[in-house]
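The values are calculated or read from the model by the stated rules, or taken from the named source; none is laboratory data. Fair warning: this is a prediction, and the values are worked out from it, not measured in the lab. No Cβ is skipped: glycine too gets one built from the backbone with ideal geometry, and neighbour counts run over all protein chains shown.
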């Protein structure tokens with residue numbers, strides 16, 4: 001019943017923000033909020049699709065006639081309502097550190113025709129706008145029965161609420177729909193998993209050794225550690241960190257896949 005109701009809710013939401021609707025909103029031109037790597041990618045996609053971008057908004061700008069990627073650059077407070085009216089604001093920020101609630105509130109405080117945020121962009125601009133979990137909404141809709149099957153094997157209400165919350169969030173992108181979380185217990189919440197005194201750890205995205213440090217902070221002893229990290233800058237940090245640990249270590253400057261390329 002939970003997923004039946006959820007399917008009806010999310011299907012209606014997707015219909016209200018269809019790719020055709022989103023492209024229609026963009027056709028009048030837009031501003032992009034975000035001058036980081038993802039913002040640059042969105043700017044490139046807008047240009048490739050012939051969508052006119054009037055400027056870029058970011059808190060790092062002063063609003064004194066700056067230019068970013070050849071476009072006028074605005075501090076949020078410097079953009080006038082008359083400039084926003086009838087245009088779209090495209091949120092070109094996708095980071096767990098960003099305050100999406102504040103960005104959406106900013107966009108909705110001005111007379112933009114609409115605000116397009118992360119969950120909209122793969123539908124509005126194509127698969128090239130993906131980032132981490134971002135993908136076309138129909139992918140999630142088509143797999144709702146798989147999520148329902150997973151939910152049927154969960155033993156507690158908290159787990160079911162977490163799963164349904166994530167499904168809802170990946171469709172809507174609304175921050176209020178994201179389930180509560182506790183980063184300090186994200187891998188080993190109390191009472192869920194018991195490990196032997198010493199473990200072997202295969203780290204499929206080792207970053208700079210952050211998960212290794214997390215495990216040790218929980219009193220978990222790691223005998224053997226295989227770390228995979230494809231980003232060269234992150235791999236340098238990983239190697240530097242590994243020099244000072246006693247575990248038997250093998251580090252690989254590559255990612256993992258379920259098949260050979």
Show me the helices (runs of 4 or more DSSP H) entirely contained within the stretch 81-125 in which 3 or more residues are touching a helix residue (DSSP H, G or I) at 6+ places or on another chain (Cβ under 6 Å) and under 23 Å from residue 44 (Cβ atoms). 118-125
Tell me whether the stretch 143-153 contains one or more residues that are within 21 Å of residue 100 (Cα to Cα), without any contact (Cβ under 8 Å) to a residue 24 or more places away in the chain, over 16 Å from the mean Cα position of the chain (by Cα) and not assigned by TED's automatic domain parsing to the domain that holds residue 19. no
Looking only at the stretch 18-50, which residues are surrounded by 20 or more Cβ atoms within 10 Å (Cβ to Cβ) and assigned to a loop (DSSP other than H, G, I, E, B)? 34, 35
Return a yes/no flag: does the stretch 62-71 have any residue that is out of contact with any helix residue (DSSP H, G or I) (no Cβ under 6 Å at 6 or more places or on another chain), in a strand (DSSP E or B) and buried (at least 19 other Cβ atoms within 10 Å of the Cβ). yes
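Matching residues to (1) in contact with a strand residue (DSSP E or B) (Cβ under 9 Å, 6 or more places away or on another chain); (2) touching a residue at least 12 places away in the same chain (Cβ under 8 Å); (3) under 15 Å from residue 138 (Cα atoms):
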residue	(1), (2), (3)
2	no, yes, no
16	no, no, yes
20	no, no, yes
25	yes, yes, no
30	yes, yes, no
33	yes, yes, no
38	no, yes, no
47	yes, no, no
Out of the stretch 109-143, which residues are in contact with a strand residue (DSSP E or B) (Cβ under 6 Å, 6 or more places away or on another chain) and modelled with pLDDT under 95? 117
Among residues belonging to the stretch 126-136 that are in a loop (DSSP other than H, G, I, E, B) and touching a helix residue (DSSP H, G or I) at 6+ places or on another chain (Cβ under 9 Å), point out the one that is surrounded by the fewest Cβ atoms within 10 Å (Cβ to Cβ). 133
From the list 102, 78, which one is without any contact (Cβ under 8 Å) to a residue 40 or more places away in the chain and under 16 Å from residue 117 (Cα atoms)? 102
Quick test of your reading of the structure: residue 242 fulfils all but one of (1) over 28 Å from the mean Cα position of the chain (by Cα); (2) within 24 Å of residue 185 (Cβ to Cβ). Name the failing condition by number. (2)
Checking the structure you have, find out if any residue of the stretch 177-185 is assigned by TED's automatic domain parsing to the domain that holds residue 16, modelled with pLDDT of 90 or more and part of a helix (DSSP H, G or I). no
For the stretch 205-239, what are the residues that are exposed (fewer than 11 other Cβ atoms within 10 Å of the Cβ) and closer than 25 Å to residue 189 by Cβ? 217, 219
